Every structure is written in C-alpha cells, then in structure tokens.
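Every number in this text was worked out from the coordinates using simple rules, so none of it is lab data. Remember, it's a predicted structure, so these values are computed and weren't measured experimentally. Methodologically, a virtual Cβ is constructed for each residue, glycine included, from the backbone with ideal geometry; neighbour enumeration extends over all protein chains shown.
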Amino acid sequence: QQQVKQSPQSLIVQKGGISIINCAYENTAFDYFPWYQQFPGKGPALLIAIRPDVSEKKEGRFTISFNKSAKQFSLHIMDSQPGDSATYFCAASIRGGSNYKLTFGKGTLLTVNP
Amino acid sequence: NAGVMQNPRHLVRRRGQEARLRCSPMKGHSHVYWYRQLPEEGLKFMVYLQKENIIDESGMPKERFSAEFPKEGPSILRIQQVVRGDSAAYFCASSPPGSTEAFFGQGTRLTVV
C-alpha cells in the first residue's frame, strides 16, 4: 500500500524552465508535508515543508502548493538550474505525539539541461 | 555542529554474516530514525528510537533486524545472517524533541555478496 504517490518518475527541463513535481496522499491524518532533495551518494536534505493550514509556501525559487480537499501537493522550481539536478522526494508525517516518522514518495529524478 | 554521522559509508558482507551500521545524531538530538532505500525506491521507515527506548519498530522486518540507541554512544542497526535482499542504502535521521524537522546522514550502502 503506497500512501504517498509521486509523479513523474523522471523529468527533464531546460535551464530557466519550471520544474513541477506532484504528490498525492491517502491518509487524511497527515499534517506535515516536506520535500527532500538528494544528490547521488548523499543523504536527503530538507528543501521546504508545508502544513495544511496554508495553501502555498515559497522559499526563493521553490514553492509548495497544497490542495487539502484533493489531498495533493506539488513542488515548483522556478528558473531551474543545472545545479538543481537531483532526486526529489515528497513525504508526509503526522505531528501527534513525538513520532514524526516520514512516509516518502518514490522520488523524481530531475535533470536540468544547460 | 557536526551533522548526522553514519559509518561505515560502504559495507560489504557475505551472505550469512552480520552487518552493524552506526549512527551518531546531531548534538542535542535525542530522536533517531532509521530508513532503508532500495534502488529506484523511496525511503522506507524502519524504526524510531529515543535514548534507551524503541518507540516504533513497525517498519522493521520481524527477524534478523534489531536496533538500539544506548544511553552512551551511537545508535546501532544490526542485521544478522544477511541475505542478498538486504543490499540497500540505510539512512539515519535525527531530530530534537518536539521538532518535525529530520536531518539525515549520508547513509551506509550495504552490499551483500
């Protein structure tokens, strides 16, 4: 049972373009939605995160859009750069108690061509 | 403040041997999570520990796998009698109490031959 579905599996974008990665979740108890960036041979690094009380969060070139009724959220990378080429993972967790284990999507391999 | 430290970075074991993976959380972090990443897959939660306690091991295989986070020293993920299917990258993440933000280590890549 895959609780967080991510698409596309891979994405190729030209430099300066917009990269869009989508995720959908099933468990309505999820209330924290981070995005992680992972370079080859490295661990995932937190990029940006959102809680369901807002519909959008922007940090620099990265924006999360959140649609609670559709149980979907997406990552937009504006003015994509070759240095953004990495694997991106969406995730979700429940904030209750102290256990913030993450449920991850399968990842999107982003390639930004120069 | 050093990040989450995992060692070894790469580990090769023959089938039937034991694998021990170590994780030192960031300073001040008392919560440790272990995740496994298979090729072409996202990370899968394995276990959540606090000092001297296993809080959630719902993602751990029932046999051969164990984890600990002693009062002193790093957290250890132990895999006994490894099989080829255990080959994966194992990541540790830590967080301070009350925080949703998890910081990941660089992982241990286990290869079973």
* **Table column - 3J(HN,Hα) (Hz), the range B:36-49, Karplus curve with 6.51, -1.76, 1.60, x for Gly and Pro** => 10, 10, 8, x, 6, 10, x, 7, 10, 4, 10, 7, 10, 10
* Size of electric dipole in the protein assembly as shown: Cβ of Lys, Arg +1 and of Asp, Glu -1, about Cα centre, debye, nearest 20 -> 540 debye
* Structure fact -> Between B:Arg20 and A:Glu56, the two model label points (7 Å from Cα along the beta-carbon direction) sit apart by a distance in nm of 5.3 nm
* Asked: What per residue convex hull volume, in Å³, do the alpha-carbon atoms of the range A:1-50 yield?
  -> 124 Å³
* Rg(Cα) of chain A divided by 2.2 N^0.38 Å? -> 1.02
* Specify the inter-centroid distance of the range A:80-106 and the range A:47-61, based on alpha-carbon positions, in whole Å. => 13 Å
* Just add up the charged neighbours of B:Leu38: K/R +1, D/E -1, any other residue whose Cβ is under 15 Å from the Cβ of B:Leu38. => +2
* Do any GluC sites (Glu not before Pro) in the range B:15-88 lie in a loop, going by DSSP, with at most 14 other beta-carbon atoms within 10 Å of their beta carbon, and if so which? -> B:Glu18, B:Glu40, B:Glu41, B:Glu52, B:Glu63, B:Glu72
* chain A - charge dipole about Cα centre, Lys and Arg +1 at Cβ, Asp and Glu -1, debye rounded to 20 -> 140 debye
* **Cβ-based net charge around A:Phe62, under 13 Å, with every Lys or Arg adding one and every Asp or Glu removing one** => -1
* Taking each pair of different alpha-carbon atoms in the protein assembly as shown once, compute 1/r for the pair, average those values, and report the inverse of that mean as the Kirkwood hydrodynamic radius in Å to one decimal. => 18.1 Å
* To do: Count the net charge of all other residues whose Cβ sits under 15 Å from the Cβ of B:Ser95, scoring Lys and Arg as +1 and Asp and Glu as -1.
  => +2
* Between A:Arg95 and B:Arg9, what is the label-to-label distance in nm when each label sits 7 Å out along the Cα-to-Cβ direction? -> 3.7 nm
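Over all directions, the average projected area of the alpha-carbon convex hull for the range B:32-103 comes to how many nm²?
Values: hull surface 21.2 nm².
Mean orientational projected area (the range B:32-103, Cα hull): 5.3 nm².
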* Structure fact -> Residues meeting the amide H criterion for B:His31 (H placed from the backbone, H to H distance under 5 Å, 5 or more places apart or on another chain) are B:Ser95
* To do: Please give, to one decimal in nm, the separation of the simple spin-label points placed at A:His76 and B:Glu41, each 7 Å out from Cα toward the Cβ.
  => 3.4 nm
* Cβ-placed point charges (K, R +1; D, E -1), dipole of chain B about Cα centre in debye, nearest 20 -> 460 debye
* What residues have an amide H closer than 5 Å to that of B:Ile55, excluding those fewer than 5 places away on the same chain, when H is modeled at 1.01 Å from N in the peptide plane? -> B:Tyr48, B:Leu49, B:Gln50
* Lys/Arg Cβ at +1, Asp/Glu Cβ at -1, dipole of chain A taken about the Cα centre: which of A:Ala49, A:Phe62, A:His76 is farthest positive-ward? -> A:Ala49
